[in-house]
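Take a look at the structure set out below.
The values are calculated or read from the model by the stated rules, or taken from the named source; none is laboratory data. From a predicted model like this one, the values you see are computed outputs, not experimental measurements. Positions of Cβ are generated from backbone atoms using ideal geometry, with glycine treated the same way; all protein chains shown enter the neighbour counts.
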Amino acid sequence: MRSVSFFDDRFPVKTVYTDNSDWQRNEGWQRIEKRNAVFQECLGTPIHHVFHAYQVDSGNVLVLTEESAAELAGMDKTQIPKRFGGYDAMVTAMPNIMLCICTADCLPLFLYDPVREVAAIAHCGWRGICDGIVPNTVGKMAECFDTDPKHVVAAFGPCICGKCYEVGGELKEAFARRFSTREVEELFREGRREKFLLDLRKAVTMELRRTGVTSERIHDTRICSYERLDYPSCRRAGTHLDAHRQTFSGIVLTQRME
Ligand SMILES: [Zn+2]
């Protein structure tokens, strides 16, 4: 379990992303209560609740206010999609509320606005990116909390890198609906056997820049989930991994001592 020091060392915020040792070492890790207790202990900050996204590979964003968080906290998993639908990003301005997503090759995007004190996390797979998950998340920060995108700091957690992510040509067409021809050429390099190599980090960077986030505020942990054997990768495993075996990425605003 590690934190994005780019955030934690400078701001009243705590971040975390897990690796394979976390679920291997912690008995009962697949249970949410167990996992949440480990997060709290590791982060060393009070966490009143951990919200796990109801991920559906979309561009949908859930804003957690006191009302929606209270409602969500009282629900079981079968009620959530009926009330809130699926969502791949969460935004909040409430301290001590941890927002959490899971990935195993997709890109976990941490976002924080130090001026308005807003935190967000987004699960960025190719489908979500094509559905606008990045501008939608920054857009919700702006719409609901007055975030100015130029203040936003962003970080990428472990994800499959542009040298390892082999995809078919049909993805180029999907990206062409959201990115310019020149951008698509930059995102997809020629691979072997008529395949292409897709760079998710570059795609998310392009989207962040378009929304007004500045390059120097975008930090990359540079961990490739496919190359690093200590991180979960669906591609390397050759199968979809259970959620509890994936990387959990979380962000929580800590209370400022004033
Ligand atoms: Zn790689």
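When the stretch 204-242 is filtered for residues that are within 14 Å of the ligand (Cβ to nearest atom) and of a type in the set (Asp, Glu), the ones remaining, listed by number, are Asp220, Glu227, Asp230.
Results for (1) within 16 Å of the ligand (Cβ to nearest atom); (2) closer than 20 Å to Thr15 by Cα; (3) over 16 Å from the mean Cα position of the chain (by Cα), shown as yes or no for each residue.
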| residue | (1), (2), (3) |
| --- | --- |
| Val115 | no, yes, yes |
| Ala120 | no, yes, no |
| Glu143 | no, no, yes |
| Asp148 | no, no, yes |
| Val153 | no, yes, no |
| Phe156 | yes, yes, no |
| Phe175 | no, no, yes |
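When the residues of the stretch 57-79 are filtered to those that are β-branched (Val, Ile, Thr) and surrounded by fewer than 18 Cβ atoms within 10 Å (Cβ to Cβ), the one that is nearest to the chain's Cα centre (by Cα) is Thr65. The C-beta contact set for the stretch 135-150 (first residue among the charged types (D, E, K, R), second residue part of a helix (DSSP H, G or I), distance under 8 angstrom, 6+ apart or interchain) comprises Asp148/Ala142. Can we say Ile32 is modelled with pLDDT under 95 and crowded, with 17+ Cβ neighbours inside 10 Å? Considered against the rule, which asks whether it is modelled with pLDDT under 95 and crowded, with 17+ Cβ neighbours inside 10 Å, Ile32 comes out as no. Summed over the stretch 185-205, the residues that are within 14 Å of the chain's Cα centre (by Cα) and basic (Lys, Arg) give a count of 1. Annotation note: of Val56, Val91, the sole residue that is modelled with pLDDT of 95 or more and either touching a His at 6+ places or on another chain (Cβ under 6 Å) or over 23 Å from Thr147 (Cβ atoms) (or both) is Val56. Condition check for Phe188 on (1) under 30 Å from Gln255 (Cβ atoms); (2) touching a helix residue (DSSP H, G or I) at 6+ places or on another chain (Cβ under 8 Å): one failure, at (1).
All of Arg182, Arg192, Arg201 fail the test of being within 16 Å of the ligand (Cβ to nearest atom) and exposed (fewer than 15 other Cβ atoms within 10 Å of the Cβ), apart from Arg192. Determine whether the stretch 160-169 contains at least one residue that is at pLDDT 95 or above, within 16 Å of the ligand (Cβ to nearest atom) and among the aromatic types (Phe, Trp, Tyr). There is at least one residue in the stretch 160-169 that is at pLDDT 95 or above, within 16 Å of the ligand (Cβ to nearest atom) and among the aromatic types (Phe, Trp, Tyr). All of (1) over 30 Å from Gly139 (Cα atoms); (2) surrounded by fewer than 20 Cβ atoms within 10 Å (Cβ to Cβ); (3) within 16 Å of the ligand (Cβ to nearest atom) hold for Arg245 with one exception: (3). Taken over the stretch 206-254, the criterion of being over 16 Å from the mean Cα position of the chain (by Cα) and acidic (Asp, Glu) is satisfied by Glu216, Glu227, Asp230, Asp242.
Of the candidates Val252, Val213, the single residue that is part of a loop (DSSP other than H, G, I, E, B) and surrounded by 18 or more Cβ atoms within 10 Å (Cβ to Cβ) is Val213.
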